[in-house]
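Colleague: Sharing a structure, written as structure tokens. Questions coming.
The values are calculated or read from the model by the stated rules, or taken from the named source; none is laboratory data. Keep in mind the model is a prediction, meaning the values are calculated, not measured. Side chains are part of the model used for accessible areas, which takes the heavy atoms of the whole protein and leaves out ligands, DNA and RNA. Shrake-Rupley method; radii C 1.70, N 1.55, O 1.52, S 1.80 Å.
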Amino acid sequence: MRRPMVAGNWKMHGTCASVAELVQGLAKMAIPEGVDVAVFPTSLHIGLVLDHLKGRSILVGAQNCAHEAGQGALTGEVSPTQLQDAGCKLVLVGHSERRQIMGEGNEVLNRKFAAAQVVGLTPILCVGETLEQREAGKTLEVVGQQLDSIIEELGIDAFVNAVIAYEPVWAIGTGLTASPEQAQEVHAAIRAQLAKKNSEVAQGVRLLYGGSVKAANAVELFSMPDIDGGLIGGASLNADEFGAIIRAAGN
Ligand code: PGA
């Protein structure tokens, strides 16, 4: 049985005051026994969030990391070592906003993924197609290539300690959600692709869905056999809404 995970990607949102308020709301929440919960504040707010969540079972992760594990001369970056030292457990790799807006390609993402694992951080690899690619019937091809890039470079065992998030770009922040069937189709294809290399790894890896998940659609999405939770953007900025999504994963 895979343990469901609900992860909140706060993106470039929050002030010290608003983050403190959000985290106080989260700290009061009862987390269902069988669910892993993680939040991803900006690097600037990671310390603050960890302080407020001390003793709680909510994990904290980073939205990005440098492509080298150790410290060094790399202005503006935060290394996996530093994230691990600060108390982070996870890091997002390859979110579509980083692929598309920051121009990160597979080569650098492979390095970030590997660097995170070197220091014991769990990478959450984000994959997903654009609307244009979906309409051209290329969804499985695009997602398959994004996944293959890691498998070819780092081997299938890289997914023993990793999470994958399928996030169709057209569903992110748009209010459009993939239907449970559309999401399940891609999740099943991802698992099948991994299973070709190693079925045990494929069965063990958690596949999260992301893209306009909210309390109102979470139950249906999470009830699909290959959807093991969600990566939540906008709705994770509201403690009550995020709490309702977490409860949906506990059902
Ligand atoms: P959204 O974002 O829930 O606001 O659509 C999801 C994400 O980008 O991870």
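Colleague: With a 1.4 Å probe and all protein chains left in place, how much of the accessible area of segment 142-251 comes from carbon and sulfur atoms, in whole percent? Provide the component values of the computation, followed by the final result.
Modeller: Numbers: 2080 of 4370 Å².
Reported share for carbon and sulfur atoms: 48 percent.
Colleague: Among ASP36, ASP226, ASP51, which one moves the most in a GNM of the chain with springs linking Cα atoms closer than 10 Å?
Modeller: Greatest mean-square fluctuation among the candidates belongs to ASP51.
Colleague: Picking from LEU53, LEU208, LEU90, which is most flexible by a Gaussian network model of the chain using Cα springs under 10 Å?
Modeller: Top of the fluctuation ranking is LEU53.
Colleague: If you don't mind, another one. Can you give the calculated 222 nm mean residue ellipticity of the chain, where each DSSP H run of n ≥ 4 adds -39,500 (n - 2.57) and the sum is split over every residue, rounded to the nearest 500 deg cm²/dmol?
Modeller: That comes out to -12500 deg cm²/dmol.
Colleague: Given the pairs LYS89/LYS112; LYS112/LYS197; LYS11/LYS138; LYS11/LYS54; LYS54/LYS89, which are separated by over 20 angstrom at their Cα positions? Can you show the working numbers first?
Modeller: Working: LYS89/LYS112 15 Å; LYS112/LYS197 22 Å; LYS11/LYS138 27 Å; LYS11/LYS54 22 Å; LYS54/LYS89 14 Å.
Beyond 20 Å between Cα atoms: LYS112/LYS197; LYS11/LYS138; LYS11/LYS54.
Colleague: For a distance above 31 Å, tell me the whole-number percent of Cα pairs in the chain that qualify. Please list the in-between numbers first.
Modeller: Numbers: 5280 of 31375 pairs.
That tail contains 17 percent of the Cα-Cα pairs.
Colleague: Please state the relative contact order of segment 119-251 as a whole percent: Cα pairs under 8 Å, 6+ residues apart?
Modeller: Worked out over segment 119-251, it gives 24 percent.
Colleague: Related question: So which residue, out of VAL160, VAL219, VAL37, gets the largest mean-square fluctuation from a GNM of the chain using Cα contacts under 10 Å as springs?
Modeller: For the chain, modelled as a Gaussian network with Cα springs under 10 Å, the answer is VAL160.
Colleague: Please calculate how many Å² of accessible area segment 5-241 carries per residue, with a 1.4 Å probe and no DNA, RNA or ligand atoms counted. Could the numbers behind the result be given before it?
Modeller: Working: 10580 Å² over 237 residues.
Per-residue accessible area for segment 5-241 comes out at 45 Å².
Colleague: Report ARG2's accessible area, 1.4 Å probe, all protein chains in place, as a number in Å² to the nearest 10.
Modeller: Approximately 50 Å² of ARG2 is accessible to the 1.4 Å probe.
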